[in-house]
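Only one structure is covered here, and it is reproduced in the block below.
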Protein chains: 2
Amino acid sequence: MRYDVMCPRYEQAAQLLGKKWTNLILRILMGQPRRFGEFRQQVPELSERLLSERLRELEDEGIVRRVVADRRPVFVLYELTPKGQELEAVVRSIQTWANAWICIDGQSVRTARRR
Amino acid sequence: MRYDVMCPRYEQAAQLLGKKWTNLILRILMGQPRRFGEFRQQVPELSERLLSERLRELEDEGIVRRVVADRRPVFVLYELTPKGQELEAVVRSIQTWANAWICIDGQSVRTARRR
DNA sequence: CCGGATCCTAATGGATACTG
DNA sequence: CAGTATCCATTAGGATCCGG
């Protein structure tokens, strides 16, 4: 078997999930639709620029839908699409693995390599 | 519920899986232990520098074990640890999701946003 | 209230050459 | 055979300020 070609969708999915803040945003959305400002309250360390960028990426991927309520003041909701909802299985499998193999201290598992 | 803190292990796992070439390396290792040069044959586009870097990262995470056969010429095998083997469930869940939600063309799913 | 525009720095990845 | 070392281009992310 040759492995010269990657699955582009897999790559895209994995790289998206690996980006900073993405998983946090997804988790928050898994509970319920959220407004832009709610993310900021929930995660003060996440800047508006990155929040906006991540939401846009997820929207581009069809994982998140942006719903604009057309009244004043402007009111925007972000919610998971079906595609996004099915990501929950992935998120949980990563979490399960991480929980199972967590190590307590920050030490490397790797034994010293000879130089 | 507050989401001000991320699960560091989850983050680390997701970010590792999202790095370029990592998933390919894992897939190759899931079949059987491999030698350094075998990766290069299987994936010619992957440079020695990055291959070495990825393997080292996976080793540091305790996902891959580096086994040196002490005879001439030097002979090195990389193999999955139990921790690494259990990543297969994660890889498969990502693949399942990616397969289910693949789109054929390169077009964005997102409907145009008003500017 | 919901972002966009800018600027700057750090991290990532590719190419190439060299070594125990 | 199995890597390191170096250099460079691109990308990702944080900080800050501005606008409909």
query: Can you name the condition, by its number, that B:M1 falls short on among (1) more than 7 Å from chain A (Cβ to nearest Cβ); (2) under 19 Å from B:R66 (Cα atoms)?
result: (2)
- prompt: Does region A:21-55 hold any residues that are more than 15 Å from DNA strand D (Cβ to nearest atom) and more than 8 Å from chain B (Cβ to nearest Cβ), and which are they?
  reply: A:L29, A:M30, A:Q32, A:P33, A:R34, A:E38, A:Q41
- line: Those residues of region A:56-73 which are more than 10 Å from chain B (Cβ to nearest Cβ) and of a type in the set (V, I, T) amount to A:V67
query: So, of the residues in region A:70-81 that are within 13 Å of DNA strand D (Cβ to nearest atom) and open to solvent by less than 50 Å² (accessible area, probe 1.4 Å), which turns out to be modelled with the lowest pLDDT?
result: A:F75
task: Please find, within region A:28-67, the residue that is nearest to A:R9 (Cα to Cα) out of those that are over 16 Å from the mean Cα position of the chain (by Cα) and more than 8 Å from DNA strand C (Cβ to nearest atom).
output: A:V67
query: Quick one: how many residues across region A:68-86 are near DNA strand C (Cβ under 10 Å from one of its atoms) and outside any loop (DSSP other than H, G, I, E, B)?
result: 6
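The values are calculated or read from the model by the stated rules, or taken from the named source; none is laboratory data. What you see is a predicted model; the values in this text were computed from it and never measured. Glycine also receives a Cβ, built like all others from the backbone with ideal geometry; neighbour counts cover every protein chain displayed. Ligands, DNA and RNA are excluded from the accessible area calculation, which covers all protein heavy atoms including side chains. Shrake-Rupley method; radii C 1.70, N 1.55, O 1.52, S 1.80 Å.
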